[in-house]
Structure formats: C-alpha cells, structure tokens
1. Compute the separation of the alpha-carbon centres of the range 183-225 and the range 74-107 and state it in Å as a whole number.
2. With no solvent and one point per C-alpha, what does the Debye sum give as log10 I(q)/I(0) for the range 61-199 at q = 0.10, 0.11, 0.19 Å⁻¹?
3. Starting from the Cα gyration tensor of the range 170-235, take the square roots of the eigenvalues, sort them a ≥ b ≥ c, and report rounded, prolate or oblate (rounded when a/c is under 1.5, otherwise prolate if a/b is larger than b/c, else oblate).
4. With r as the distance between the Cβ atoms of residue 157 and residue 245 and R0 = 25 Å, compute the FRET efficiency 1/(1 + (r/R0)^6) and round to 0.05.
5. In µm²/s, what is D for the chain at 10 °C and 1.306 mPa s, where D = kT/(6 pi eta Rh) by Stokes-Einstein and Rh is the Kirkwood radius from Cα pairs?
6. Quick check on the chain: helices-only [θ] at 222 nm, where DSSP H runs of length 4 and up contribute -39,500 (n - 2.57) each and the sum goes over total residues. Nearest 500, please.
7. Considering the chain, which cysteines have no disulfide-compatible partner, defined as another cysteine with its Cβ under 4.7 Å away?
8. Restricting attention to the range 98-204, which GluC sites (Glu not before Pro) occupy a DSSP loop and are surrounded by at most 11 other Cβ atoms within 10 Å?
Amino acid sequence: MTEAAAGYVMGHDDRERRRLALQASIQNPFTQELFLRAGLATGIRVLDLGCGVGELSLIAARIVGPQGSVVAVDIDDAALEIARRRATEQQLLNIEFRREDIQTYNPDSPFDAVVGRHILLHTPDPLRLLRAVHAALKSDGVAVFHEFDFTVLPADDPELPLRSLAKRLFRDFFQRALGSADIGGRLFHLFCAAGFGHPQCRGEFSIEGAPDSPFYEWVAESLRSILPRAEGLGLVEAAEVDIDTFADRLRQETVSRRSGLPAPVIIGCFARKW
Ligand SMILES: C[S@@+](CC[C@H](N)C(=O)[O-])C[C@H]1O[C@@H](n2cnc3c(N)ncnc32)[C@H](O)[C@@H]1O
C-alpha cells in the first residue's frame, strides 16, 4: 500500500465499504440535486475524485448519459473493483474507473466537470488539490464538491447524550488528525483562492429518528473507523463508546425520546472556471 493509501484515516476494508454504502443511502439524494443545480447535463465529460465504491460516478453517469462519460479515480483497488461491478450491473458503460493517487494525478485531457464528496476532508492540502482541479477543467467547466462541516452543530431536541459524544468526537478527531473539521465552511474561500469565480455554497442536513433509519449504523461504523486513532490522540477511551453496542443504543435513545437526530452538516459548493 502506498503512503497516500495508508494515510486515509477511515481504512480500506469491507467495513469501510459498507460504511460508505450506508452514508450514500442518506446523502445521494442531496448530491444528485447538487449536480443538477451545478449544471451537470447530457453529453459532458466528468472526473470523480476519490470515487470509493462509485456513488458519485454512478449518479453522474446517469445524468450525462451514453453521449457523455465519467472518469472515476481512487487509490483503493478493492473499492474500484466494487464500483466497476456496480456500474456493469447497472449497465452504465460510460464510466472508466482508474487507480490513481489524486495528489499526483495529471489527466491528459480536460473535463467539463470535476466532482468529489468527502475527499477534501481527507486531503492534506485542499487548496493545492483545488488548483489542480481548476487546471483539469475546460474553460467554463464546473467544480462541484460536497463536504462535511463538523463544527456546525445543529441541536437535537430532546438532547441525546450518545449523539453529543459522537459529534464531539468527529469534530475533535478531524480537527486534530487532519485540521479539516471545518472544511465545508472553508470551501467558499478555497474555491476563490484556487482561481474560481464566486462559488454557490449551501449547507444541508437531514434529521433522522425513525427506528429503521440507516443513520444509527452509519454513525457507529464511522466511529469505529476513527476510534483507534481517536484513542491514540487521547480524545476518548474505547470503553466510553462501547462500539459494538453503539448503533443499538443510539437507536434506542433516539426513538424512546422521540428526538430528531440531525445528521452532520454537509456543504455543497460549485463554481465555474473563468
Ligand atoms: C470518504 S470516502 C468517499 C468516497 C465517495 N466519494 C463517496 O462519497 O461515497 C474517500 C475516498 O477517497 C479515497 N482516497 C483517499 N485518499 C486518496 C488519494 N490520495 N487518492 C485517491 N483516492 C483517495 C479513499 O480510498 C476513499 O475511497
């Protein structure tokens, strides 16, 4: 595994890929709507950075249709294999999945749109990456990113102690480990600094609370991914989280209090290259 692959803090295993699928079931409708607002349309050529198991690639491929195309890159071979299989099953033949490190990837021809979700969160130098995105676009091409901001904390009412523990841990972990807990709120400035015109940015979050919501397991699996490193940073002790029972306890706490459980805020941001 390369240094960049080893550095991805959520890991590269089957649990992580299942976590991405749970996350997608909550967030894909928001991302699809963002793509349409940003002007993705039939016939265009799209680059998906850090495609994982292909969630954004599949959405983009449907929008651009057979006359358009998608190049999707990730550093995780197993995720790319799943993404390829999904594209084949869904008969989306207009996607090329490639193993590339986005820090060094230098595409040989320009794109109409470059998209990414939860990738700047994991990128050591997001401004450098956005400058490379600017360079990879045709003139008038559009960059579209969907990123968390863990420093914006909508209240739960009635309050949920386990949710409070989780939101504190995500905020502190991403800030201490990567300096990126507030990446969503920084997108506007980063886009401008990378050479784009003023971006359009909007923050959104769903409020969950039904017993069958995928949210509880998604939160628990996300916590599980960061727990060893969060412990190493002194942010929490594993016994305090009790990760194997976390999803069930969060569900029980939320449903029994009839509380609205806000998902983390996600900022959608897009701008054109002038
Ligand atoms: C949080 S996941 C998001 C996946 C996908 N965009 C989604 O929303 O479902 C981040 C992805 O970025 C990939 N990644 C992280 N660092 C990378 C790098 N330097 N080059 C390429 N891919 C990278 C990881 O392997 C992972 O699949």
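1. Answer, in whole Å: 23.
2. -0.44, -0.52, -1.17
3. Details: a/c = 3.88, a/b = 1.37, b/c = 2.83.
Oblate is the answer for the range 170-235, as a/c is 1.5 or above yet b/c matches or exceeds a/b.
4. 0.55
5. Working: Rh = 19.1 Å.
Translational D for this selection: 83 µm²/s.
6. Values: 10 runs with 130 residues, N = 274.
That calculation yields -15000 deg cm²/dmol at 222 nm.
7. Singleton cysteines: 51, 192.
8. Details: sites: 100, 147, 159, 204; in loops: 100, 159.
Those satisfying the criteria are 159.
Since every read-out is calculated from the coordinates, none of them should be taken as a lab result. Keep in mind the model is a prediction, meaning the values are calculated, not measured. With ideal geometry, Cβ positions are generated from the backbone for all residues, glycine too; neighbour counts draw on all protein chains shown.
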